[in-house]
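The values are calculated or read from the model by the stated rules, or taken from the named source; none is laboratory data. Source: prediction; values computed, not measured. Because the Cβ atoms are built from the backbone with ideal geometry, glycine has one as well, and the counts that use them run over all protein chains shown.
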């Protein structure tokens, strides 16, 4: 997760025994008792601006989803009792000036409501370091940062002070190194946004293609209209010459391509048609040959050359089926 680190824009200590001093760039928390005039009762004040320049990362914004905040510091010098109880509280005073505040005043002129500082929630309980001159981290500062972003213009301001500040006890946590590498730093972690990438539209020869499928490795192919039905509608097989089935007509054919219905069988010829329009005896076309009076063959495909004979041997017009008589079986042109 991304992080941002901020150095304090100001930090200082205040001292009960020197109530008009602002001890800048020094972090002292606790009591140091050696007898007057060397006694100390100190509180450490820190101020950060998370909307301002960051030492690492970038400034925060109200839109950031924060996940953690820590104070990175050093144990520094430990005097007397170590691991003593401390409290960290938000500084609650409008007009607070971290460069001029003292034990008595919050801006060098105006008094605190309570001497030593005005504090409010959030608060945090912690234990001072036990190992001197070592890195030390104060965690769980996220409520202070979110409060500052929402209500304080990004200014995170809090104070450290010992729970037991009674005189006669020495328990002091002093970190007075003001150099950049070791002075206190506020580190904030947030969750990076993960927007869903939007793929550009795919274009084909016919324009936009459908959106890609949920699995990019197996995209859905573009859809096309279904081809017309190729189911065929078959006609009845009854009432044809020789009992053979009629030809099959497809339903997809235009109406003009449908073959006309055949009338009842008239000796293999259709009435009112030239003799070449014979019904098929088989699905495969065959050539029909007729014979004239002299026994010469005539092509049935040329109606003018075809002559049929009546009972008396007289020629009859093939275009008039009523004048036709089927010849004896012995004289038929059997295919």
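Here are some notes:
Yes or no, residue by residue, for (1) at pLDDT 90 or above; (2) out of contact with any strand residue (DSSP E or B) (no Cβ under 6 Å at 6 or more places or on another chain); (3) surrounded by 15 or more Cβ atoms within 10 Å (Cβ to Cβ):
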{"position": "26", "(1), (2), (3)": "no, no, yes"}
{"position": "30", "(1), (2), (3)": "yes, no, yes"}
{"position": "51", "(1), (2), (3)": "yes, yes, yes"}
{"position": "70", "(1), (2), (3)": "yes, no, yes"}
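- Odd one out for residue 165, checked against (1) within 21 Å of residue 30 (Cα to Cα); (2) touching a residue at least 24 places away in the same chain (Cβ under 8 Å); (3) out of contact with any strand residue (DSSP E or B) (no Cβ under 7 Å at 6 or more places or on another chain): (3)
- Lone qualifier among 120, 140 - being touching a strand residue (DSSP E or B) at 6+ places or on another chain (Cβ under 8 Å), in a loop (DSSP other than H, G, I, E, B) and surrounded by fewer than 18 Cβ atoms within 10 Å (Cβ to Cβ): 140
- Test result for residue 17, assigned by TED's automatic domain parsing to the domain that holds residue 169, without any contact (Cβ under 8 Å) to a residue 60 or more places away in the chain and outside any strand (DSSP E or B): yes
- Residue 101 passes every criterion in (1) modelled with pLDDT of 95 or more; (2) assigned to a strand (DSSP E or B) apart from (2).
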